[in-house]
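Since the structure comes first, as structure tokens, the remarks are kept for the end.
The values are calculated or read from the model by the stated rules, or taken from the named source; none is laboratory data. Remember, predicted model here, so these are calculated numbers, not experimental data. Cβ placement follows ideal geometry from the backbone for every residue including glycine, while neighbour counts extend to all protein chains displayed. All accessible areas refer to the heavy atoms of the entire protein, side chains included, with ligands and DNA or RNA removed. Shrake-Rupley method; radii C 1.70, N 1.55, O 1.52, S 1.80 Å.
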Amino acid sequence: RSLRAVFESSENLLAEPQRLIFRRLSIFHQGFTEAAAARVAGATKADLTSFLDKFLISRSPSGRYALREFVRQYGEERLSASPLEEAKAHELHGDYYTEFLSSMEEALSGAGQLDAIKSIDPELENVREAWVHGLKVGAVRRIGRMTMSLARFLLVRGQVTEGEDLFGRAAEALRVRAKAAGQQEETHLVFG
């Protein structure tokens, strides 16, 4: 309880725009880049510096930012208190990581494969989150745009079991969606 009181008082010291940015940053898993923070949370470099100064986030030598896990959980809880804001944050996050992963498709099957893998590796938790949330809300186009890059990445990394899990969830979500829409035909997913 005392830790929660510290978080609440720290959040209350932030100006309202920074509170919203802080809550949106909680959507990131395993860190984020400055570019991702700008697109998803509307964070400027000054905002990130302010959060660093307040010990709300940390920065690795590679330049990635992260909320400390207990701070992230608090921010996530605060974000979920506003369903519209939470939905908007998930939409921005999903759009960002869909675009990010889609941009790697060509490189993953060509000479830039190693660089693409190095770029995706630190973002994998965020990619998973965008995928799983996309399934949850029925963002079929998002899933479709991510499919080839995610499949190639997981195949190259030898993460076949994870691929089976993620694509199995997608197939099931599409079947449920088709059934709910009253479609009689079976839904098939073709990846490859």
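Would you mind finding the one in Arg78, Arg39 that is closer than 22 Å to Leu14 by Cβ and at pLDDT below 95?
Exactly one residue qualifies, and that residue is Arg78.
What helices (runs of 4 or more DSSP H) completely inside region 2-84 contain at least 1 residues that are closer than 25 Å to Trp131 by Cβ?
16-25, 34-41, 69-80
Only one residue in Leu67, Leu48, Leu92 is at pLDDT 95 or above, crowded, with 17+ Cβ neighbours inside 10 Å and within 17 Å of the chain's Cα centre (by Cα), so which one is that?
Leu92
Among (1) free of Cβ contacts under 8 Å to residues at least 40 places away in the same chain; (2) surrounded by 13 or more Cβ atoms within 10 Å (Cβ to Cβ); (3) charged (D, E, K, R); (4) more than 19 Å from Gly42 (Cβ to Cβ), which single condition is Glu105 missing?
Of (1) free of Cβ contacts under 8 Å to residues at least 40 places away in the same chain; (2) surrounded by 13 or more Cβ atoms within 10 Å (Cβ to Cβ); (3) charged (D, E, K, R); (4) more than 19 Å from Gly42 (Cβ to Cβ), only one is false for Glu105: (1).
Report yes if some residue within region 11-23 is within 16 Å of Asn126 (Cβ to Cβ) and either of a type in the set (D, E, K, R) or in contact with a Gly (Cβ under 9 Å, 6 or more places away or on another chain) (or both); otherwise report no.
no
Taking the condition of being touching a residue at least 60 places away in the same chain (Cβ under 8 Å), surrounded by 13 or more Cβ atoms within 10 Å (Cβ to Cβ) and hydrophobic (A, V, I, L, M, F, W, C), how many residues in region 70-86 meet it?
Adding up the residues that qualify gives 1.
Considering only residues that are over 21 Å from Ala107 (Cα atoms) and open to solvent by 90 Å² or more (accessible area, probe 1.4 Å), which ones fall in region 151-171?
Scanning region 151-171 gives Thr161, Glu164, Arg169.
Please identify the pairs in which a residue from region 128-146 that is in contact (Cβ under 8 Å) with a residue 40 or more places away in the chain has its Cβ atom under 7 Å from the Cβ atom of a residue that is of a type in the set (A, V, I, L, M, F, W, C) and crowded, with 23+ Cβ neighbours inside 10 Å, counting only partners at least 6 apart or on another chain.
Gly134/Ile143; Met146/Leu101; Met146/Trp131
Suppose the filter is out of contact with any Ser or Thr (no Cβ under 9 Å at 6 or more places or on another chain) and open to solvent by less than 30 Å² (accessible area, probe 1.4 Å); does Gly134 pass it? Show your work before the answer.
Working: out of contact with any Ser or Thr (no Cβ under 9 Å at 6 or more places or on another chain): no; open to solvent by less than 30 Å² (accessible area, probe 1.4 Å): yes.
No.
Yes or no: Glu99 assigned to a helix (DSSP H, G or I), open to solvent by 50 Å² or more (accessible area, probe 1.4 Å) and either free of Cβ contacts under 8 Å to residues at least 60 places away in the same chain or touching a Leu at 6+ places or on another chain (Cβ under 8 Å) (or both)?
Spelling it out, Glu99 is indeed assigned to a helix (DSSP H, G or I), open to solvent by 50 Å² or more (accessible area, probe 1.4 Å) and either free of Cβ contacts under 8 Å to residues at least 60 places away in the same chain or touching a Leu at 6+ places or on another chain (Cβ under 8 Å) (or both).
Out of Gly75, Gly63, Gly42, I need the residue that is touching a strand residue (DSSP E or B) at 6+ places or on another chain (Cβ under 9 Å) and over 23 Å from Leu166 (Cβ atoms). Which one? Even if it seems obvious, please write down each step before you answer.
Working: Gly63 fails: touching a strand residue (DSSP E or B) at 6+ places or on another chain (Cβ under 9 Å); Gly42 fails: touching a strand residue (DSSP E or B) at 6+ places or on another chain (Cβ under 9 Å).
Result of the check over Gly75, Gly63, Gly42: Gly75.
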